[in-house]
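Here is the structure we will look at.
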Amino acid sequence: MVTASRKPTRRSFLKTVALGAAAAAQGTGSAMLFGGACPRCSAAVPTVLAEPPVKRKPNIIFILGDDLGWAELGCYGNTFNQTPHLDALAARAVRFTDAYAAAPVCSPYRAALMTGQVPARVGITDYLRPNDPKHLATSHVTIAKLLKRAGYATGILGKWHLTGYAADGAKKEVPPAEHGFDETILSEDTGIGGGSYFHPYHFNKSITRRLDAPEYLVDRMNVEAVDFIQRHKDEPFFLYVSHYAVHTRLLGRPDLVAKYEAKPAAGKGPRAARNNPHLAAQLESIDAGVGMIVDKLKQLGLANDTVLVFTGDNGGEANVTTNAPWRAGKSTLYEGGVREPLIVHWPGVTPAGKVCKTPTMNIDFYPTFAEMAGAKLDPAQPLDGLSIVPLLKDPSAKLPRDTFCWHYPLAQAHFLGGRSAGAIRQGDWKLIEFFDTGNVELYDLAADPGESKDLAAQSPDKAKQLRDALAAWRKRVGAQIPANCRDYVPRGK
Ligand SMILES: [Ca+2]
């Protein structure tokens, strides 16, 4: 017999139902079974099942190659490099042909990724030097902070490059932990130089070896990625896998380098300009990690609950690879410097094996991930990007946007050849404005994807319209002229 004090009143009954419904809506906790009518007043109440019917929020794994150009993957047409796991991923996902980086070098790309803002608005437009006084301001609500608020465990594995380093004399060092990452794994605590691919890693000497010697960095990254997934299997997580490869100085695992050196048409050594065996070996190691991550997700029963994204931060170095059919590479605003591979797999949402030609930029990941996670945007963090979820559902869809702009002022030309410049793509038109000479170049990407025929003299009205639009955009986002760029006098400033 139920005592009077334990009998549910109408009020306590409805409260219990409400709590159960709230728990179910959040996909957390275990709701009790209720439904039908209130035992005391016969009011109809919603049914709450013992197991919440709401799917857990999708895990998001974002895998970034460093200096990995558009043309390196098999699924993008490369016939020398072998990327079976990425090709298999693309075959069940959406692959983008016109995915842009917001900058042709590391730090501004990463600033845009974290903030959803163009680098010109963030104020980081060139790569940060080891003792750089600049860092990504903690006033930003980064995507990691936003997802953490939404209940996600957050981790960065690998390269950060959004701060100067105390060890190199920077007055202030701002690590990922101050930007919303619960876990920072294998990240740098001093200036990053390419080529530290075997333990001990000179970018962080405190990292103890875990794999058999000689421990290869990409292999270690892959093992750590799988471990992170295992640790966080019972909660939604955001894992940013930020590879240091394939940045020069290229250095592959010897067994894989030997494999590629034996292939027909192989280039020779890490500086080979084409069919670079070290780049191919490094990429195969990254690709193997994608396979390990996919296998781990399957093993844990998380494959259907996890979004996988693979992309690169800027174009390949044109002296150790080719970004053809695109012109030039890293450090330039030609297509080869800013067009990236992008594969997105969201189980149950993305159709298999589709190609999306609608242009995107990496400022779009922030609102996209927020939408995937059902995370409420913060008005304190204005965004320049758009969610690409409509493209993930229907790769033939368009977004309400036809213009992309870049701002890349330099005190002197990049050592890889890139010049101080801004650029705008509107529809198929592309204009590059060089700040060192004041000249512009105009291309029709539909007719001339390799940017070989400058149409500026032939189409002065179009050139003027785009140049004016670029100047107006700079004004709108508050693009700054760095103090060390005294010669920088773009039109409209
Ligand atoms: Ca890079």
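The values are calculated or read from the model by the stated rules, or taken from the named source; none is laboratory data. Just so you know, these numbers come straight off a predicted model, no measurement behind them. Counting neighbours? That spans all protein chains shown, and the Cβs are built from the backbone with ideal geometry, glycine included. All accessible areas refer to the heavy atoms of the entire protein, side chains included, with ligands and DNA or RNA removed. Shrake-Rupley method; radii C 1.70, N 1.55, O 1.52, S 1.80 Å.
Listed here are the residues, each with its yes/no results for (1) closer than 15 Å to R474 by Cβ; (2) part of a loop (DSSP other than H, G, I, E, B); (3) open to solvent by 10 Å² or more (accessible area, probe 1.4 Å).
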residue	(1), (2), (3)
A411	no, yes, yes
F415	no, yes, yes
A423	yes, no, no
T437	no, yes, yes
E441	no, no, yes
A446	no, yes, yes
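Among the residues of segment 126-135 satisfying the criterion of being free of Cβ contacts under 8 Å to residues at least 60 places away in the same chain and within 16 Å of the ligand (Cβ to nearest atom), which is surrounded by the fewest Cβ atoms within 10 Å (Cβ to Cβ)?
Among residues in segment 126-135 that are free of Cβ contacts under 8 Å to residues at least 60 places away in the same chain and within 16 Å of the ligand (Cβ to nearest atom), the one surrounded by the fewest Cβ atoms within 10 Å (Cβ to Cβ) is Y127.
Among (1) open to solvent by less than 40 Å² (accessible area, probe 1.4 Å); (2) closer than 25 Å to H179 by Cα, where does P395 come up short?
Of everything listed in (1) open to solvent by less than 40 Å² (accessible area, probe 1.4 Å); (2) closer than 25 Å to H179 by Cα, P395 misses just condition (2).
Sort out which residues of segment 146-166 are over 20 Å from the mean Cα position of the chain (by Cα) and surrounded by fewer than 16 Cβ atoms within 10 Å (Cβ to Cβ), and write them in order of number. Full working, then the answer.
Our first condition is that a residue be over 20 Å from the mean Cα position of the chain (by Cα); within segment 146-166, this holds for 151, 164-166.
A166, the sole residue that qualifies.
Any residue in segment 89-116 that's of a type outside the set (D, E) and part of a helix (DSSP H, G or I): show its pairings with residues that are at pLDDT below 95 and open to solvent by 10 Å² or more (accessible area, probe 1.4 Å) at Cβ separation under 9 Å, as long as the two are six or more apart or on different chains.
Between residues of segment 89-116 that are of a type outside the set (D, E) and part of a helix (DSSP H, G or I) and residues that are at pLDDT below 95 and open to solvent by 10 Å² or more (accessible area, probe 1.4 Å), the close pairs are C106/I192.
For V246, which of the numbered conditions (1) within 16 Å of the ligand (Cβ to nearest atom); (2) open to solvent by 10 Å² or more (accessible area, probe 1.4 Å) fails to hold?
Failed condition: (2).
In the list L431, L466, L399, which residue meets the criterion of being over 22 Å from N314 (Cα atoms), touching a residue at least 12 places away in the same chain (Cβ under 8 Å) and in contact with a Lys or Arg (Cβ under 9 Å, 6 or more places away or on another chain)? Let's see the steps before the verdict.
Values: L431 fails: over 22 Å from N314 (Cα atoms); L399 fails: in contact with a Lys or Arg (Cβ under 9 Å, 6 or more places away or on another chain).
Of L431, L466, L399, the one residue that is over 22 Å from N314 (Cα atoms), touching a residue at least 12 places away in the same chain (Cβ under 8 Å) and in contact with a Lys or Arg (Cβ under 9 Å, 6 or more places away or on another chain) is L466.
Just name the residue that is surrounded by the most Cβ atoms within 10 Å (Cβ to Cβ) out of those in segment 77-112 that are within 16 Å of the ligand (Cβ to nearest atom) and under 22 Å from P395 (Cα atoms). Outline the logic, then answer.
Taking segment 77-112 as the starting set, the residues that turn out to be within 16 Å of the ligand (Cβ to nearest atom) are 99-112.
Those still in the list that are under 22 Å from P395 (Cα atoms) too: 99-102.
Values: A99: 24, Y100: 21, A101: 27, A102: 30.
So the residue we want is A102.
Condition first: free of Cβ contacts under 8 Å to residues at least 12 places away in the same chain and open to solvent by 50 Å² or more (accessible area, probe 1.4 Å). Now tell me which residues in segment 263-290 satisfy that.
Restricting attention to segment 263-290, the residues satisfying the condition of being free of Cβ contacts under 8 Å to residues at least 12 places away in the same chain are 264, 267-269.
If the condition is that a residue be free of Cβ contacts under 8 Å to residues at least 12 places away in the same chain and open to solvent by 50 Å² or more (accessible area, probe 1.4 Å), then P264, K268 are the ones that fit.
Taking segment 113-125, which residues are within 16 Å of the ligand (Cβ to nearest atom) and over 13 Å from the mean Cα position of the chain (by Cα)? Steps first, answer last, please.
Here is the first cut: in segment 113-125, the residues within 16 Å of the ligand (Cβ to nearest atom) are 113-114, 119, 124-125.
Within segment 113-125, P119, I124, T125 meet the criteria.
Could you list all residues from segment 188-220 that are of a type in the set (A, V, I, L, M) and within 22 Å of Y165 (Cα to Cα)?
Initial filter on segment 188-220 (of a type in the set (A, V, I, L, M)): 192, 207, 211, 213, 217-218.
I192, I207, L217, listed by residue number.
Out of all the residues in segment 252-292, which are more than 23 Å from the chain's Cα centre (by Cα) and either within 16 Å of the ligand (Cβ to nearest atom) or under 23 Å from G337 (Cβ atoms) (or both)? Even if it seems obvious, please write down each step before you answer.
Step one: of segment 252-292, the residues more than 23 Å from the chain's Cα centre (by Cα) are 252-278.
Passing the criteria: G267, P270, R271, A272, A273, R274, N275, N276, H278.
Any idea how many residues of segment 249-262 are open to solvent by 50 Å² or more (accessible area, probe 1.4 Å) and in a loop (DSSP other than H, G, I, E, B)?
The total comes to 4.
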